[in-house]
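Just below is one structure, and these are the notes that go with it.
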Amino acid sequence: MASESYQRAYNTMVTVQILAELEEVIQYNVVRERRDDIKLMWWERLKGCVNRIEDWQKILQTRSIVLSRNDDVRTYLKFASLCRKNGRLKLSKKTLSSLIGSEPDIAKPLPASYPQVTYAFTKHLWSEGERATAFWFVLFVSFYLLKYSGLMLTNTTLNTCRQLKHFVKNTLMPQLSLNMSVPPGMVSADSGVEVEQTVAELRKLLARCCLRLGEWQESLEGLKENVINQVLRLVYSYIHNYLNYKLERS
C-alpha cells in the first residue's frame, strides 16, 4: 500500500522539484557565488531520482536554461548511461554526440579532449554490437591516458603505467591483431586533457579501462589459457589503480 502511494505521489514530487529548480535557476543566474553549490546540489538530488528517462529529461531541460551540456558533462554521461541500459540507444548516441560536438564516425579518430566521454561512447558501441571496435577504442583511450594525461609523470603511478603500456603494446595488441581487424579510426590525441581533470580522476578512468578490457577480451575470445593470463593482469592493473585513486581522494 505504501509502495502504491509512493508511485502515485512520485510524478507530483517531480513536478514540485522542477518548480523548485526553476527558482534555483534564477539564483544560479543572479548569484554567481552560489553556482558551484547549486551544481553540486543538483547532482546530489539526481541520485535520489528514480531512473526513469522521461523524468530525467524534464529535469535536465529545466537546468539547460543556465547550463549547457558541456557545463554539466558528468550529469549527461549519467543520462546517456541510463538511456543505454534501458535500450534507448538512439537517445544515448544523441546525448554523447552532443558532448563530443558532432556525431562520431568510427571510421575516423575519436576526439579525446574529454576521455570520459570517449570511454562512454565505447560502451555505447559495445551495446550496438560493434564489439571489436569498442574494444580497440578502449585500448587506445588507455594509451591516450598513459601518454597525454601526465599520469606517467607522477612517482606513484610510474611503474604501473609502464607495465600496463608495455603489456598492452607488446603482448595484448599482437595477440588480438591475429583475431580481430583494427578499425581505421583510433582515438585522436591532438588536444590535451582539460585542466580541471585531476590525476585521481584520470587514474580512476584508467582503472575502469583496464577492467573493461579484461571483461571484453574474455567475452570476445573466451577463456583460453593465454587470455586468462592477460585478463588477470588487466584486473590487477584495475585494482592497483583504483586503490591508489581511493588513497589520493582520502
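Since every read-out is calculated from the coordinates, none of them should be taken as a lab result. Bear in mind that the values here come from a model prediction, so they are computed numbers and not experimental data. Note: ideal-geometry Cβ built from the backbone for every residue, glycine included; neighbour counts use all protein chains shown.
List, in order, the whole-Hz ³J(HN,Hα) value for each residue of the stretch 119-131 obtained from phi through the Karplus relation with A = 6.51, B = -1.76, C = 1.60 and θ = phi - 60°; use x for Gly and Pro.
With coefficients 6.51, -1.76 and 1.60, one gets 4, 4, 5, 5, 5, 5, 4, 4, 5, 7, x, 7, 6 Hz.
If r is the Cβ-Cβ distance from T15 to R74 and R0 is 25 Å, what FRET efficiency results, to the nearest 0.05?
The computed FRET efficiency comes out at 0.50.
Over 25 Å between Cα atoms, which of K39/K94; K47/K108; K39/K90; K90/K123 qualify?
The answer is K47/K108; K39/K90.
Taking H placed 1.01 Å from N in the peptide plane, check which residues at least 5 places from L110 or on another chain put their amide H under 5 Å from its amide H.
Hits under the 5 Å cutoff: M186, V187, S188.
Using r as the Cβ-Cβ distance of V31 and L223, and R0 as 51 Å, what FRET efficiency do you calculate, to the nearest 0.05?
The computed FRET efficiency comes out at 0.35.
Which of the peptides 67-79, 124-136, 45-57 is most tightly packed, and how do the rest follow, judged by the mean count of other Cβ atoms within 10 Å per residue?
124-136, 67-79, 45-57
If one puts a single equal scatterer on every Cα of the stretch 1-87 and applies the Debye formula without solvent, what log₁₀ I(q)/I(0) results at q = 0.16, 0.21, 0.23 Å⁻¹?
Log10 of I(q)/I(0), two decimals: -0.66, -1.06, -1.21.
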